[in-house]
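S.K.: Dropping the structure in here first, questions after.
The values are calculated or read from the model by the stated rules, or taken from the named source; none is laboratory data. Since we're looking at a predicted model, the values are computed, not measured. When we count neighbours, we look across all protein chains shown, and the Cβ atoms used for this are built from the backbone with ideal geometry, even at glycine.
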Amino acid sequence: MKGEESSRRVAAIFIDLDFGVRMKTVVRWCWRLSLVILLAFILLQLWFFACVLWWSNFNPESTSFMRAELTRLQEKKPAAKLQHQWADYGKISTHLKRAVIASEDGKFAGHDGIDWDAIEKAYTHNRKLEEEREKAIAKGRKPSRKPMHGGSTITQQVAKNLFLSGERSYLRKGQEFVITYMLEGAMHKRRILELYLNVAEWGEGVFGAEAAARHYFGVSAAQLDALQAAQLAAMLPRPRFYDKNRSSAYLASRTWSVWMRMPDAELP
């Protein structure tokens, strides 16, 4: 009996030692994996920042959004191409510059890349809209088709268009914030606005002010008048939809609203 008890104790000791060794191995590998993930994250941020520094002086030939849209279009039509032509800041109508600021980011010249008040207002509006839609569905009524509001600044939209996707996730939004501060730290506001005007999506396969001006009005970006500029800016939240629904009553109303606010828009 004593021999068996001693054997069990010895076996238990070895089991405990083996478990301890295994746990140390697991901890060691978890630590190494964490370091690898951290290193990969740092390298990714360095790559983003290197691109930001490069694009502070050189114009991007394409963006993440452009490549994704081209892929989508070519799935339906292999020969499809994007409409895009770079236009320098001085060759874009001042009306359009004022219009996009009035429409998308009224505090553009003054904020540091993130407009927290706009984000809070957008969250409150969208939450209320979702509640109204849920109530309407529960009562068997047709839910409201009012559009959700976005709280993203022009700088945030540049960050998303250049590097990221339209996916809605906290991870993507967090990365967008990081790149936004990189852009604000490395570029002047004027350069950020120039990038935005050249990479923004303005319709089905239409990117940038020059292509948009020619696509909708048959003129160059420099020749846009105030009302044309207001209409282009009003289309930005849903460019593909308004490309196919140019006579939309809501678009006309929004165009008028943008046009009224343009004189107060502060240029960088």
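S.K.: So, in the range 154-208, exactly how many residues are polar (S, T, N, Q) and over 29 Å from D243 (Cα atoms)? Can you show your working first?
M.R.: So the first thing to find is which residues in the range 154-208 are polar (S, T, N, Q), and the list is 155-157, 161, 165, 169, 175, 180, 198.
Checking the rest, the ones that are also over 29 Å from D243 (Cα atoms) come to 175.
Total meeting the criteria: 1.
S.K.: Take the conditions in a helix (DSSP H, G or I), farther than 21 Å from G203 by Cβ, touching a helix residue (DSSP H, G or I) at 6+ places or on another chain (Cβ under 6 Å) and at pLDDT 85 or above and apply them to F108. Does it pass? Talk me through it step by step, then tell me what you get.
M.R.: Working: in a helix (DSSP H, G or I): no; farther than 21 Å from G203 by Cβ: yes; touching a helix residue (DSSP H, G or I) at 6+ places or on another chain (Cβ under 6 Å): yes; at pLDDT 85 or above: yes.
Considered against the rule, which asks whether it is in a helix (DSSP H, G or I), farther than 21 Å from G203 by Cβ, touching a helix residue (DSSP H, G or I) at 6+ places or on another chain (Cβ under 6 Å) and at pLDDT 85 or above, F108 comes out as no.
S.K.: Additional query: Given the conditions (1) out of contact with any helix residue (DSSP H, G or I) (no Cβ under 7 Å at 6 or more places or on another chain); (2) in a loop (DSSP other than H, G, I, E, B), and given that V219 satisfies all but one, which numbered condition is not satisfied?
M.R.: Result: V219 passes all but (1).
S.K.: Among the numbered conditions (1) at pLDDT 95 or above; (2) not in a helix (DSSP H, G or I), tell me where Y196 comes up short.
M.R.: In the conditions (1) at pLDDT 95 or above; (2) not in a helix (DSSP H, G or I), Y196 misses (2) alone.
S.K.: May I ask you to say which residue of K81, K76, K97 is in the same structural domain as V178 (by TED's automatic domain parsing) and at pLDDT below 90? Don't jump to the end; show me each part of the working.
M.R.: Numbers: K81 fails: at pLDDT below 90; K97 fails: at pLDDT below 90.
After applying the criteria, what remains is K76.
S.K.: Something else now. Any idea which of (1) surrounded by fewer than 17 Cβ atoms within 10 Å (Cβ to Cβ); (2) in contact (Cβ under 8 Å) with a residue 40 or more places away in the chain; (3) of a type in the set (V, I, T) is the one V219 doesn't satisfy?
M.R.: (2)
S.K.: A follow-up question, please. Can you tell me which residue within the range 147-172, out of those that are of a type in the set (D, E, K, R) and surrounded by fewer than 12 Cβ atoms within 10 Å (Cβ to Cβ), is modelled with the lowest pLDDT? Talk me through it step by step, then tell me what you get.
M.R.: Of all residues in the range 147-172, those of a type in the set (D, E, K, R) come to 160, 167-168, 172.
Checking the rest, the ones that are also surrounded by fewer than 12 Cβ atoms within 10 Å (Cβ to Cβ) come to 167-168.
Values: E167: 72, R168: 75.
Across the range 147-172, the extreme among qualifying residues is E167.
S.K.: Select from the range 173-202 the residues that are closer than 20 Å to S62 by Cα and of a type in the set (K, R) and write down the one among them that is surrounded by the fewest Cβ atoms within 10 Å (Cβ to Cβ).
M.R.: R190
S.K.: Please pick out the residue among A211, A234 that is out of contact with any strand residue (DSSP E or B) (no Cβ under 7 Å at 6 or more places or on another chain) and surrounded by 21 or more Cβ atoms within 10 Å (Cβ to Cβ).
M.R.: The match here is A234.
S.K.: Quick one: in the range 75-105, which of the residues that are in a loop (DSSP other than H, G, I, E, B) and among the polar types (S, T, N, Q) is nearest to S62 (Cα to Cα)? Give the steps one after another, and end with the answer.
M.R.: Restricting attention to the range 75-105, the residues satisfying the condition of being in a loop (DSSP other than H, G, I, E, B) are 77-82, 85-88, 92-93, 105.
From what is left, the residues that are among the polar types (S, T, N, Q) are 85, 93.
Values: Q85: 10, S93: 22 Å.
Among those residues, the one meeting the criterion is Q85.
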